Amino acid sequence: EDQVTQSPEALRLQEGESSSLNCSYTVSGLRGLFWYRQDPGKGPEFLFTLYSAGEEKEKERLKATLTKKESFLHITAPKPEDSATYLCAVQMMYSGGGADGLTFGKGTHLIIQP
Amino acid sequence: KAGVTQTPRYLIKTRGQQVTLSCSPISGHRSVSWYQQTPGQGLQFLFEYFSETQRNKGNFPGRFSGRQFSNSRSEMNVSTLELGDSALYLCASSQQVNYGYTFGSGTRLTVV
């Protein structure tokens, strides 16, 4: 069965303390891997899409990387406003060229203390 | 540019009733997907519509159904509500099937 596992479940950092969140996946035929940020009471906010191993994308203090088995979301010098739940999702590709809906991990709850 | 709009934001229903949730996608987006989010199961895919046709369906019972109108607006219906259907229901739109997804703020459904 296809799975997406995120670790750690929760992470508490001091402001400015860099770290990485992990997303490991076991799917056949990956079409894309997505990172989202979700704040309490809101829908997920799109961050990145990665399509192939070796790909990297950056946005402000965030950098996402992808290998054949996992993805990392690196947070450099985080600020309190980076506190949120970070969700990873994968999308499988069908043999006919179509793709399935997103399969999400349970998320990493990140708290940045001032 | 307006985002994805979901109505209502909150809903309380009684077991056995049915409910209809609405989603207006971003202008120009033709694909609409629905997800259920619960503390125990996380975010789970329900179905995706494109040009009024269901393209994908997740592993949910037939009580969960949806449709999409010619203006791309979508509705999701849940019949014979169960307590376990209490969740945040999220709608996401994209320009085409299997492209970047923008989520709405969701409808919080409570079944009592």
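Here, each number is a calculation from the coordinates, and none is a lab measurement. Computed from a predicted model, the values in this text were never measured in an experiment. Note that we place each Cβ from the backbone using ideal geometry, even for glycine, and neighbour counts take in every protein chain shown.
Fully extending the segment from B:Arg73 to B:Gln95, taken as 0.36 nm per residue of separation minus the present Cα-Cα distance, adds 6.6 nm. What you get for the protein assembly as shown, charging only the Cβ of Lys and Arg (+1) and of Asp and Glu (-1), is a dipole of about 520 debye around the Cα centre.
Which is farthest toward the positive dipole end of segment B:1-68 among B:Pro39, B:Gly58, B:Gly16, measuring Cα position about the Cα centre, with Cβ charges +1 (Lys, Arg) and -1 (Asp, Glu)? Positive-end residue among those listed: B:Gly16. Within the P(r) computed for the protein assembly as shown, what percentage of the Cα pairs occupies the region above 23 Å? Beyond 23 Å sits 48 percent of the P(r) for the protein assembly as shown. Placing unit charges on the Cβ atoms only, positive for Lys and Arg and negative for Asp and Glu, gives segment A:62-114 a dipole magnitude near 140 debye about its Cα centre. On the principal axes of its alpha-carbon atoms, chain A has extents of 50, 30, 20 Å, going from largest to smallest. What you get for chain B, charging only the Cβ of Lys and Arg (+1) and of Asp and Glu (-1), is a dipole of about 120 debye around the Cα centre. For segment B:4-64, the calculated P(r), taken from all Cα-Cα distances in 5 Å bins from zero up to the bin holding the longest distance, is 4, 13, 21, 27, 23, 9, 3, 0 percent. Consider all pairwise Cα distances in chain B and report the whole-number % of them above 16 Å. It works out to 54 percent of all Cα pairs.
Compared with the alpha-carbon gap, the fully stretched path from A:Glu17 to A:Asp39 is longer by 5.9 nm at 0.36 nm per residue. Counting, for every residue in A:30-42, the Cβ atoms of other protein chains within 10 Å of its Cβ and taking the mean gives 2.
Peptide B:38-45 has a mean shielding of 5, counted as Cβ atoms of other protein chains within 10 Å of each residue's Cβ. Spin-label pair B:Lys57-B:Lys13: with each label point 7 Å from Cα along the Cα-Cβ axis, the two points sit 1.8 nm from one another.
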